[in-house]
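Below is one structure; the comments refer to it alone.
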Amino acid sequence: MSSTDFFYGISDFLTWSYQFYDNVGNFLNNLFLLTGFFGFFFWMYWQRKFNAKAANDPNQIK
């Protein structure tokens, strides 16, 4: 077995494994994007609540 066969084997494996993305299409990217936006807005919602609570607490250390 030469190094050429080895590298062609790696190439064939990667080509085979990336067919997953051809079948999924852009759905996976859209899912990650929507999850990121949801997480961001969820975080901003809680951050707004924490900021309002901190603004109303005069005994906090600054």
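Values in this text are rule-based calculations from the coordinates and carry no lab data. Computed from a predicted model, the values in this text were never measured in an experiment. Please note: Cβ atoms are built from the backbone with ideal geometry, for glycine as well, and neighbour counts cover all protein chains shown.
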Pairwise FRET efficiency - LEU14 versus PHE37, Cβ, R0 = 30 Å, nearest 0.05: 0.45
The chain shape via C-alpha gyration tensor axes, a/c threshold 1.5: oblate
Folded to 0 to 90 degrees: helix 3-17 orientation relative to the chain principal axis, Cα: 50
Degrees between helix 27-55 axis and first principal axis of the chain (Cα, 0 to 90, nearest 10): 20
Loop chymotrypsin sites (Phe, Trp or Tyr not before Pro), segment 1-53, which have at most 16 other Cβ atoms in a 10 Å radius of their Cβ (DSSP): TYR18
Stretchable slack from ARG48 to ASP5, in nm (0.36 nm times residue separation minus alpha-carbon distance): 9.6 nm
